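Asker: Have a look at this one before I ask anything.
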């Protein structure tokens, strides 16, 4: 009896076809042995619009219309818990990423003292501490020149106009000149009464800078001792106008945290719109590169400049250290000051 031989189907082509048909996850993610992710299939939801009849009383013989309310029925994910969980995780990650990007986009934290920024002490409540400032970028536009941006972004400015502060200390600072900068340290007000920095005591100790100019101020006692200058010109005007400023109580004053061991392009203390008050202002061990120190509109009981080196290298015949005749004083103590060729670099 002859047996019929049924030819075997070739499985090589079918196997290769199945191997080429990789799932989406196997194409995108690294394949981990013995770990398989189930396929996820979405079934298109079935839409039904059932009719809902609402019986309302007839008005003038007219009956109410039937209202149809749309609904969705049949939306489900086929394949079990693993498929549902995997899809849910992916959707959650996408939503969370979009939320984070939307929340962070465009936000910029306010500078914290003493980061380079503009701080307005008059906005701080009495007995509180100056902490938060405004970034210089807020005062710039798309047309602001690059030179202006460079000068401002590394500036620490304290606006004391209208504020009453306790002790202010700036110590151990390196101030590096940006291009186009003329003053590394400024105490600036405006001419006339009502726009001055009024302090019991101001101490400038251990400064190194190209120039130092003091003008348009009233100092009861001016002490200038132990300084070296590449040209020294001390010519204040003796006057009965300056008063011995006394600021003892710090009750109700704002607190300005000390600034130490920091680096800036320049520092500005500004009272150009209203008087600012402090008990004691100390600026010590400050090295300024490429620019000078400009002090204007100060009213102080005592101002001391000591142990400093001031010189721009132009020679002693062109004074680098100047106390102008616009500074009025009642008493001057100038001792142990030396003129010699000095160039601060």
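The values are calculated or read from the model by the stated rules, or taken from the named source; none is laboratory data. Here the structure is a predicted model, which is why all the values come from computation and not from measurement. With ideal geometry, Cβ positions are generated from the backbone for all residues, glycine too; neighbour counts draw on all protein chains shown.
Asker: What's the number of the only condition in (1) at pLDDT 95 or above; (2) crowded, with 16+ Cβ neighbours inside 10 Å; (3) closer than 28 Å to residue 154 by Cα that residue 260 fails to meet?
Answerer: That leaves (2) as the condition not met.
Asker: While we're looking at this one, here's another question. Sort out for me the strands (runs of 3 or more DSSP E) sitting completely within the range 295-345 that have 1 or more residues that are surrounded by fewer than 19 Cβ atoms within 10 Å (Cβ to Cβ). Spell out the reasoning first.
Answerer: Values: elements: 298-306, 321-323, 328-335.
Answer list for the range 295-345: 298-306, 328-335.
Asker: Being free of Cβ contacts under 8 Å to residues at least 40 places away in the same chain and more than 29 Å from residue 246 (Cα to Cα) is the filter here; which residues of the range 176-214 pass it?
Answerer: Correct list: 179, 180.
Asker: Separate question: Somewhere in the range 213-225, is a residue surrounded by fewer than 16 Cβ atoms within 10 Å (Cβ to Cβ), farther than 18 Å from residue 264 by Cβ and in contact with a strand residue (DSSP E or B) (Cβ under 7 Å, 6 or more places away or on another chain)? Spell out how you get there, then give the answer.
Answerer: Initial filter on the range 213-225 (surrounded by fewer than 16 Cβ atoms within 10 Å (Cβ to Cβ)): 225.
Restricting the remaining residues to those that are farther than 18 Å from residue 264 by Cβ gives 225.
Subset that is in contact with a strand residue (DSSP E or B) (Cβ under 7 Å, 6 or more places away or on another chain): 225.
Taking every residue of the range 213-225 in turn, at least one turns out to be surrounded by fewer than 16 Cβ atoms within 10 Å (Cβ to Cβ), farther than 18 Å from residue 264 by Cβ and in contact with a strand residue (DSSP E or B) (Cβ under 7 Å, 6 or more places away or on another chain).
Asker: Also: Considering only residues of the range 164-211 that are under 22 Å from the mean Cα position of the chain (by Cα) and either in a loop (DSSP other than H, G, I, E, B) or outside the structural domain of residue 259 (by TED's automatic domain parsing) (or both), which is surrounded by the fewest Cβ atoms within 10 Å (Cβ to Cβ)?
Answerer: The extreme case among them is 179.
Asker: A further question on this structure: Condition test on residue 147, is it closer than 30 Å to residue 246 by Cβ, surrounded by fewer than 16 Cβ atoms within 10 Å (Cβ to Cβ) and in the same structural domain as residue 268 (by TED's automatic domain parsing)? Lay out the reasoning, then the answer.
Answerer: Numbers: closer than 30 Å to residue 246 by Cβ: no; surrounded by fewer than 16 Cβ atoms within 10 Å (Cβ to Cβ): yes; in the same structural domain as residue 268 (by TED's automatic domain parsing): yes.
So residue 147 fails the test.
Asker: State the number of residues belonging to the range 110-144 that are loosely packed, with under 14 Cβ neighbours inside 10 Å and touching a helix residue (DSSP H, G or I) at 6+ places or on another chain (Cβ under 7 Å).
Answerer: Number of matching residues: 0.
Asker: State the number of residues belonging to the range 122-151 that are closer than 15 Å to residue 267 by Cα, touching a strand residue (DSSP E or B) at 6+ places or on another chain (Cβ under 9 Å) and assigned to a helix (DSSP H, G or I).
Answerer: Of the residues in the range 122-151, 2 are closer than 15 Å to residue 267 by Cα, touching a strand residue (DSSP E or B) at 6+ places or on another chain (Cβ under 9 Å) and assigned to a helix (DSSP H, G or I).
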